[in-house]
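Report on the structure given below.
Read-outs throughout are calculated quantities, based only on the coordinates presented, and are distinct from any laboratory measurement. These numbers were taken from a predicted model, which means no experiment stands behind them. Every residue, glycine as well, gets a Cβ built from its backbone with ideal geometry; the counts of neighbours run over all protein chains shown.
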Amino acid sequence: MGITLSVCMIVRDEAPVLARCLEGVRRFADEIIIVDTGSVDETREIALGYTGRVYDFPWIDDFAAARNAAYSYAAGDYVMWLDADDVVSPEDGQRLKELKQTLPPETDVVYLLYGGDTDQNNIYQNTLIFRDRWFRRSLKPRWQGRLHEFIPIPADAKEYYADQIRLRHCKLRVNDPDRNMRIHRLCLAEQKEPVVRDMGFLCNEYYAKGSFSQAAEVFQTLTRQTPFPKFDICNALFSYIWSMKQLKKTDELIEMLLTLKERGAVNELLLCELGAAYLTRRDDEQAERYLLEALALPIDYRDMAVHFEAYHEFLPCQKLSKLYSLRGNRELAYAYFTRAEKIYPENRSIRLNRLYFSNMGGI
């Protein structure tokens, strides 16, 4: 017979994207609950076109409070959260509908793959991570945290990983660009010192704001925490690496990456960027070693960390192509180029390299 699913959303001034999201949601949701935290555009009118369950909740710089308000109205067997700028494709909408019929009855939590919009040129936004999206309502799930909120999951919860479904976060605009830093400051004032989880997110916020020195400083502080916060480090690693690149601190970056590798915080991002750093220094042997290691590393999304899709294969192949081209090994350079080309054929660097190899007569 299947289960019933309540989809809960909190929104504010989301008129440009809300219908796009709800078109996907209505394919599989048994009820749609919208909590509006103070819209002044057409958000409410758009929401009412899809559901009569639209409620008001005053915004108090607390995401958990708003999400808990939305969950309080749910009546389904399971509750699911979505953001207004999330996109559910018709294919994934059908898969979600089918999942309601096939979900093992003992399941407490359902994880779905979640990532940024796919873009062949802005490849660093192509991310994927497993997120806990459905909760059995009888578990009485409660959100915690003003910012980057989460639901504590009981140790004995029965979990289901739906790796065939991918939701995409496709933001068109940022309504309140200072919101996250404002709430971070509020959290710091409330708890005196940032908890480890908040430090990782704070690193990401500083990087997004272009405060590269502060991002690097927060990350370095994070690595000194006890016990070693491997998960939080991996989720802030991209921001640290690119901050150090902007600061042109290659030697310090290599030292940190080697230290993290020794301590077990290893993923394809770390290995590929370590290889790239050695390539910048023209240490070809070390560059080759780490790029090949990155390429061979199996990806397991169940580690619950953010994975950048371009680092799985595309970027290691691109950099290996450059390495072998610099060495004068045109055959290997072209082989790795063609492997990368199959992944993002319309990428700008691929188009330039295609011209380069064409002018060179291929191999």
Query - Calculated Rg and Dmax of segment 5-169 using C-alpha coordinates, Å - result: 15.3, 44
Query - About the Cα centre, charge dipole magnitude for the chain (Lys/Arg +1, Asp/Glu -1 at Cβ), debye - result: 540 debye
**Report entry** Unit charges on C-beta of K, R, D, E only; dipole of segment 265-319, Debye
**Finding:** 120 debye
**Report entry** Helix 250-262 axis, angle to the chain major axis (alpha carbon atoms, nearest 10°)
**Finding:** 70 degrees
**Report entry** Length-normalised contact order for the chain - Cα pairs under 8 Å, 6+ apart - percent
**Finding:** 13 percent
Requested in this report: For each of Thr223, Thr259, count neighbouring Cβ atoms within 10 Å of the residue's Cβ, then give the residues from fewest to most.
Outcome: Thr259, Thr223
Report summary line: Dividing the helical contributions, -39500 (n - 2.57) per DSSP H run of n ≥ 4, by the residues of the chain yields a 222 nm value, nearest 500 deg cm²/dmol, of -14500 deg cm²/dmol
Report summary line: Checked against the positive end of the charge dipole of segment 108-207 (+1 on Cβ of Lys and Arg, -1 on Cβ of Asp and Glu, about the Cα centre), the farthest of Leu112, Ala162, Trp143 is Trp143
Query raised in the report: In what sequence, highest mean first, do 96-106, 77-87, 286-296, 3-13 appear when ranked by Cβ atoms within 10 angstrom?
Result: 3-13, 77-87, 286-296, 96-106
Report task. List nothing, just return the count: lysine pairs in segment 93-216, 8 or more apart or interchain, with Cα separation under 24 Å. Result -> 7
Report summary line: For Cα extents along the principal axes in Å the list reads (1) 56, 50, 36; (2) 66, 48, 43; (3) 79, 62, 40; the calculated value is entry (2)
